[in-house]
Structure formats: C-alpha cells, structure tokens
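Structure record follows, encoded as structure tokens.
Values quoted throughout were computed directly from the atomic coordinates according to the rules given, and no laboratory measurement underlies them. On a predicted model such as this, the values are computed, not experimentally measured, just so you know. Don't worry about glycine lacking a Cβ; one is built from the backbone with ideal geometry, like all the others, and counts go over all protein chains shown.
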Amino acid sequence: MQDIADRLGISRGTVSLVLSGKAKEGRIGDELQNRVKELARELNYIPNEIARSLSTGVTKTIGVIVPDISNEFFGKMIFFIQEQAKYHGYAVITINTNECLKDFDEAVTILMNKQVDGIILVPVEGGNEIVKKIMSRKIPLVLIDRFYEDIDTTYIVTDNYDASSRAIELILNEGYKRNAVICYDINLFALTERKKGCIDVLKKHGVYDERLIKNIHYDNQEIEIEKAITDLKNEPDKVEAIFFCTRRIFLTGVKYMHQQGIHIPGDMRVICFDEVDAFSFANIPVTYIKQPIQQIGEKAIEALFDQIRGSDQAEHIVLNSEIKFSL
C-alpha cells in the first residue's frame with residue numbers, strides 16, 4: 001500500500017480506504033479510486049487477511065463440521081453452504097469427524113483457534129459439553145441435521161419422526177406387514193426419532209417384532225449390516241420389507257441383499273431415509289425420504305449470519321421431507 005501511495009503521491013490511508021471498499025466514507029473520487037485499483041493490479045497487490053482480521057476482529061471465514069463428508073447428503077449440504085457463504089464474501093473451512101467424539105473435539109478446537117466468525121456443525125454422540133464450550137466463547141453457532149435436547153441453541157433439522165412414520169404407514173397400506181428396521185445404535189435425536197417413528201407405527205398396527213429391529217454400531221457397520229441381512233433372510237416368517245435409517249446403511253445393505261440373492265422388490269421391499277444419486281439409474285424400485293438439503297444449507301447460513309450481525313435469539317427450525325419413488 002505504501003508503494004501505491006508513493007507512486008500516486010497520495011497518503012497510505014487513502015489507498016487503504018480504496019482497497020478496503022471504504023472510498024465513499026473517505027469522500028474519494030471515482031477517478032482516484034480507479035487509479036489506485038489499476039496500480040494495485042499492476043503491482044499484484046494481495047490483501048493480508050491475517051493483518052486485516054487482527055484490526056477488524058473479522059476473519060471472513062466460517063467452519064463447517066460434518067460426520068461423513070463422503071456421504072452424499074452432507075456433501076451436497078456443504079455445497080449449498082459454501083455457495084451461500086461465498087455470496088456473503090466468506091470462505092468455508094470443512095472438517096470431517098467420522099462420528100468420533102475425539103475428532104469432533106479436535107475439529108472445534110481447530111476452528112476456534114483459527115478464530116472463525118461462526119460454526120455450523122452436525123453433532124456427534126456425547127458432544128454436549130464441546131458445544132457448550134463454543135457457546136461460552138460467544139461464537140455464532142448453528143446445529144444442522146441433529147441437535148442436543150439439553151442445549152438451547154439454533155438448529156435446522158427435518159421432522160425425522162413424521163417422515164419415518166409416514167413411510168412405514170405407506171408400506172403397511174400396500175400390504176407389507178413383516179417390516180424390519182436397520183439403524184445406527186447412536187443416541188442422537190435424529191436417528192432415535194427415525195427408529196421411534198417406525199416402531200410406533202408398527203406397534204399401532206399390531207405387527208411389531210423386536211427381532212426385526214437391527215441396531216448397528218457405526219465402527220463395525222460393514223460386518224453388522226451383513227449379519228443383519230443374513231438374519232432377516234433366514235427369519236422363519238418371511239420379512240417383506242426393510243427400512244434403512246440412513247443412506248450409508250441402505251447402500252451397504254442392498255449390496256449384501258444382492259450378494260445373498262434377495263430380489264428387490266420381489267423378495268423384499270426397501271425403504272431408504274434419504275435420496276441416493278444411484279436411484280436415477282439403478283434398476284430397482286425404492287421408496288425413499290427426500291430431505292430438503294438445499295433449504296437446510298441456506299437456512300443454516302441465514303441463521304448464522306443473523307448471529308454474526310448480533311442476534312442472540314435461538315431459532316428452532318423443523319422442515320418437512322417428501323416420500324418419493326425411484327421408479
């Protein structure tokens with residue numbers, strides 16, 4: 001900036017005002033602004049964002065923490081979050097946790113040390129105190145997809161119970177009475193609500209069978225999903241449909257259904273909580289629950305920037321999902 005000032009015979013303060021977008025505040029004419037910007041381009045001027053953040057207290061970055069970036073659901077959500085953040089002139093730092101509490105804690109620490117202006121995160125099981133740590137630092141925070149019932153913070157989620165209930169009702173009305181549920185054994189509100197929605201409807205219709213509810217541990221899911229499919233295939237009373245609580249469980253489950261010669265839907269009907277891109281070309285009919293991913297991402301950014309601008313009101317936003325068919 002000093003080089004530009006010397007070359008144009010003006011003060012460094014004037015250059016700073018122009019390059020920081022505050023020329024109007026300094027009553028700097030358009031002609032001088034253009035000369036400063038043109039010379040800055042010639043000299044390959046790049047703003048020192050670290051120095052700027054030290055003086056303004058604003059880093060123009062936000063952090064996003066997700067449990068599985070390879071999951072289409074979270075990958076798409078990050079895309080919409082980044083697009084909206086870019087619109088506001090912000091960059092996004094994304095960190096993956098693999099549903100691991102230690103990784104979750106480290107991710108939060110990294111983002112706080114980088115002094116991000118806000119954090120959007122998907123909680124992991126047992127991370128309550130870590131989220132409280134963020135809140136104690138007064139860092140703008142939005143939870144997405146899941147939330148902790150004992151913490152009053154802003155969250156954007158879908159109505160998991162309602163969507164699962166409606167999907168099971170639909171299958172029962174089509175005549176499929178022996179329905180299994182395969183879900184992660186994780187004590188997080190979204191997943192427990194999906195399973196509860198299924199179980200409540202099955203009980204209401206008098207067709208609930210505890211043996212058909214398969215709880216899968218995240219760290220050992222490949223082996224346990226394969227075993228669950230084998231057990232359901234070998235049930236003495238034929239299992240007619242399987243509800244998969246997540247897309248990852250669905251993809252793994254369908255793989256083992258094919259390996260074991262289970263035809264879909266001839267032998268068993270399948271339901272997936274979430275849309276999978278492969279539905280567009282996979283030659284199997286699937287009932288699936290389509291969550292409003294773009295809406296979740298955009299509302300998360302909107303709520304986060306409300307907090308960055310000074311709002312301290314916790315918002316609880318619950319969105320509806322659609323039940324769709326792949327064929």
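Going from the fewest other Cβ atoms within 10 Å to the most, the residues Met257, Met112 appear in the order Met112, Met257. Could you list the residues of the range 238-273 with an amide nitrogen less than 18 Å from a label point located 7 Å from the Cα of Ser70 in the Cα-to-C-beta direction? Label zone hits: 246-256.
Relative contact order for the range 59-180: 23 percent, from Cα pairs under 8 Å spaced at least 6 residues apart, divided by residue count.
For Lys37, the lysines whose Cα falls under 20 Å of its own Cα, not counting residues fewer than eight places away in the same chain, are Lys22, Lys24.
Taking the C-alpha atoms only, the angle from helix 160-173 to the longest principal axis of the chain is near 30 degrees. Per residue, the average separation of C-alpha pairs within less than 8 Å and at least 6 apart gives the range 2-47 a relative contact order of 32 percent.
Could you tell me the calculated FRET efficiency between Glu302 and Lys233, based on Cβ-Cβ distance and R0 = 45 angstrom, to the nearest 0.05? Once rounded, the FRET efficiency stands at 0.45. Only beta bridges with both residues in the chain are counted; by DSSP, about 10 percent of them are antiparallel.
For the range 227-264, the residues whose backbone nitrogen is under 13 Å from a point 7 Å from the Cα of Asp209, taken along Cα to Cβ, are 231-242.
Going from the residue with the fewest nearby Cβ atoms within 10 Å to the one with the most, Ser11, Ser321 rank Ser11, Ser321.
For the chain, the equivalent ellipsoid derived from the Cα gyration tensor has semi-axes of 51, 20, 17 Å, listed largest first. Computed over the chain, relative contact order equals 17 percent, with contacts defined as Cα pairs under 8 Å that lie 6+ residues apart.
Under the 0.36 nm per residue contour assumption, what length would be gained going from the current alpha-carbon distance of Ser11 and Arg178 to full extension?
Going from the current span to full extension adds 52.2 nm.
The label-point distance for Asp3 and Lys290, in a model that sets each label 7 Å from Cα toward Cβ, rounds to 5.4 nm. So what is log10(I(q)/I(0)) for the range 250-293 at q = 0.19, 0.22, 0.23, 0.25 1/Å, when the Debye sum runs over its Cα atoms only? Taken in order of the listed q values, log10 I(q)/I(0) reads -0.57, -0.76, -0.82, -0.95. Split the chain at each of the GluC sites (Glu not before Pro) in a DSSP loop with at most 13 other beta carbon atoms within 10 Å, and the longest piece is 175-327. With 20 Å as the limit, the listed pairs Lys196/Lys299; Lys177/Lys203; Lys76/Lys114; Lys76/Lys290 have Lys196/Lys299; Lys76/Lys114 beyond it between alpha carbons.
Measuring r between the beta carbons of Asp267 and Glu31 and using R0 = 56 Å, the FRET efficiency lands at 0.15. Please work out the FRET efficiency for the pair Lys138 and Glu315, using the Cβ-Cβ distance as r and a Förster radius of 22 Å; give the result to the nearest 0.05. That pair, Lys138 with Glu315, gives E of 0.85.
Computed over the range 173-327, the Cα gyration tensor eigenvalues convert (square root of 5λ each) into semi-axes of 32, 17, 15 Å, ordered from largest to smallest. The base-10 log of I(q)/I(0) for the range 2-47, evaluated at q = 0.19 Å⁻¹, reads -0.48 [Debye formula, identical scatterers on Cα atoms, solvent excluded].
Residues Asp312, Asp145, Asp159, ranked from the fewest to the most other C-beta atoms within 10 Å, line up as Asp312, Asp159, Asp145.
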